[in-house]
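Visitor: So that we are looking at the same thing, I have put the structure below in structure tokens.
FYI, it's all coordinate maths here, none of it is from the lab. This is a predicted model, so every value here is computed, not measured. Backbone-built Cβ (ideal geometry, glycine too); neighbour counts: all protein chains shown.
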Amino acid sequence: MKYLTPEIIAEVVGGTYVGDDSMRNVRVSGAERDNRDIMPGNLFICIRGERVDGHAFANAAFAAGAACALAEQTITDAKGPYVLVDSTQLAIRELGSYYRSLFTIPFIGLTGSVGKTTAKELVAAALGAKLRVLKTRENLNNELGVPLTLLSLDEHHEAAVIEMGISDFGDMSILAQMVRPDIFIMTKIGYAHLKELGDLNGVLKAKTEAFEYMMPESIAVMNGDDELLLNFDTQRRTIYFGLGENNDFRAVNVRMDGTDSVEFDILSDTGQFSVKIPSYGRHLAEIAPAAAAVGRLLGLADEEISRGLETYSPVGGRANAEFTGMITLIDDCYNSNPNSVKAALVSLSSLPVRRVAILGDMLNLGAKSGELHHEIGLFAAECKVDLLICCGDEAAFIYKGFKSGGVREACFYNKKADLMKALPELIKKEDAVLVKASNGMKFSELIPILREVK
């Protein structure tokens, strides 16, 4: 049996059990940091945040059915058992690593500057045609989210697909020590977190820390269209995916049916098969070959992989296209960097209607921020965007780049509030409207307004 108890948890993390001795060996399954998400039997993690202290909600978690809590201070009038530690953040990582060690199923780790969440969903969809798969939910891809994901493993799972997101050197080492991937997918090295990582070589160095914590027989699945990844020596078996002819698994004959679907063939040395993904975006064809490679490695037939990929659906705020009755709204405002914006603009350019791009700041780009934003403006002009709407300090450079690249219509707003007021008059019936900016810009606030455009 693979399960935890308060006593086992205390032993693993070097903590002190506090509570009734009769509760030492109750079964603990799953873990949550928000008492509102607690299910009976869960472990509640008391996290001390900038605004909220999780310790204050421990008894609410017990009332919801938590079997145990992990705390770094005494819980007043505790209504259940808890394990007292110096740091709940460190303890949950130790616990996640221990619990992962109980499983011998294949663990697939994923990272990249762009496309890692899409890759996670595609891989999980493909494998789901045959296997019972655990996948990272929501955005739990950091040093707290990853152990929470690992602790949701159960005996019925046959594979785990774990998204691994970083922002600085050393972050990937922390995650990889817990996940220890058997298969590690890298989607692309791009302009993200440059304030911390410096340049693309720094991004590569930070993300490839994972290989130090992988067994020699583990397998790397790398984007062969990315020059940095193509030339990186993984020191293990490596499979390349993408669109280029040099890849072991590649997509050919790519075609988009508006915003409804993307169709293509996946070609490898063992044959070719057709795929239809019922979602929007050419980027799906670039990443799906990675899912096919993993499927083959785990014994799935081509027909099973194709059937699984047909079940893919985008996660909210990531290239999620909908028809509002007036416009085609492409909600891609979860996050943004130069690579992902360019991919979004390429997909937008394929739509045979008036193309509107609403772009905001791409954050954390360091000293090259102005230059990279200006390049996006030039690229938007090349993609024949009919109306570019920019908002944000750095987005001013996007506007300037776009205007220097042609005579198409463009607007710039210093304040989001002004943009929100102007939006209904800027958008026309049957427009395709892309909304994209870094999450910190909170462009999700524009989505309800666009849905109501008449």
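Visitor: Restricting to the chain, compute how many DSSP beta bridges are antiparallel as a %, nearest 5.
Guide: In the chain, DSSP labels about 30 percent of beta bridges as antiparallel.
Visitor: Just to confirm my numbers, what's the Cα centroid distance between the range 209-274 and the range 80-109 in Å?
Guide: What the calculation gives is 31 Å, centre to centre.
Visitor: Counting other Cβ atoms within 10 Å, which GluC sites (Glu not before Pro) in the range 213-300 have at most 12 and lie in a DSSP loop?
Guide: Listed in order of number, the matching sites are Glu217, Glu245.
Visitor: Another question, then. In percent, how large is the relative contact order of the chain, given Cα pairs closer than 8 Å and 6 or more residues apart?
Guide: Here the relative contact order equals 11 percent.
Visitor: Using the Kirkwood radius over C-alpha pairs as Rh, can you work out the diffusion coefficient of the range 188-302 via Stokes-Einstein at 10 °C, viscosity 1.306 mPa s, in µm² per second?
Guide: Reported coefficient: 103 µm²/s.
Visitor: Of Tyr191, Phe323, Ile305, which is farthest on the positive side of the dipole of the chain, counting Cα position, with +1 on Lys and Arg Cβ, -1 on Asp and Glu Cβ, and the Cα centre as origin?
Guide: After comparing all options, I get Phe323.
Visitor: Placing +1 on the Cβ of each Lys and Arg and -1 on the Cβ of each Asp and Glu in the range 326-402, which of Ile398, Asn335, Ala357 has its Cα farthest towards the positive end of the resulting dipole?
Guide: Result: Ala357, furthest along the dipole toward the positive end.
Visitor: Select one label from (1) 81, 23, 19; (2) 47, 25, 23; (3) 39, 27, 20: the one whose number is semi-axes √(5λ) of the Cα gyration tensor in Å as derived from the coordinates shown.
Guide: (3)
Visitor: Where both partners of a DSSP beta bridge lie in the range 1-157, what percent of those bridges are antiparallel, to the nearest 5?
Guide: 40
Visitor: At q = 0.09, 0.10, 0.13, 0.16 Å⁻¹, what log₁₀ I(q)/I(0) does a Debye calculation on the Cα points of the range 103-309 give, no solvent, two decimals?
Guide: -0.31, -0.38, -0.66, -1.02
Visitor: Which value, in debye to the nearest 20, describes the size of the charge dipole of the chain about its Cα centre when Lys and Arg Cβ atoms bear +1, Asp and Glu Cβ atoms bear -1, and nothing else is charged?
Guide: Computed charge dipole of the chain: roughly 860 debye.
Visitor: Let me spell out the model: positive unit charges on the Cβ of Lys and Arg, negative unit charges on the Cβ of Asp and Glu, origin at the Cα centre of the range 320-451. What dipole size does that give, in debye rounded to 20?
Guide: Rounded to the nearest 20 debye, it is 160 debye.
Visitor: Please give the length that would be gained between Arg408 and Lys428 if that part of the chain were fully extended, namely 0.36 nm times their separation in residues minus their C-alpha to C-alpha distance (nm, one decimal).
Guide: The Arg408-Lys428 span can extend by a further 5.6 nm.
Visitor: When the Cα centres of the range 35-53 and the range 389-454 are compared, how far apart do they sit, in Å?
Guide: Using only Cα atoms to place each centre, the spacing works out to 37 Å.
Visitor: Among Asn231, Met420, Gly244, whose Cα lies farthest out toward the positive end of the dipole of the chain, if unit charges sit on the beta carbon of Lys, Arg (+1) and Asp, Glu (-1)?
Guide: Farthest towards the positive pole: Met420.
Visitor: From zero outward in steps of 5 Å, how is the percent of C-alpha pairs of the range 6-87 spread across the bins?
Guide: Binned Cα distances yield the sequence 3, 19, 30, 29, 16, 3, 1, 0.
Visitor: Let me ask something else. Out of all Cα-Cα pairs in the range 320-451, roughly what percent, to the nearest whole number, are more than 16 Å apart?
Guide: 56
Visitor: Restricting to the range 103-309, what percent of DSSP beta bridges are antiparallel, rounded to 5?
Guide: 35
Visitor: Next question, about the same structure. What's the magnitude of the charge dipole for the range 76-160 around its Cα centre, counting Lys and Arg as +1 and Asp and Glu as -1 at the beta-carbon? Answer in Debye, nearest 20.
Guide: In total the dipole reaches around 320 debye.
Visitor: How high is the FRET efficiency between Arg51 and Lys79 when r is their beta carbon distance and R₀ equals 25 Å, given to the nearest 0.05?
Guide: Details: r = 24 Å, r/R0 = 0.97.
The formula returns an efficiency of 0.55 here.
Visitor: Using label points projected 7 Å from each Cα along Cα→Cβ, tell me how many nm separate Asn25 and Glu452, to one decimal.
Guide: Result for the modelled spin labels: 6.0 nm.
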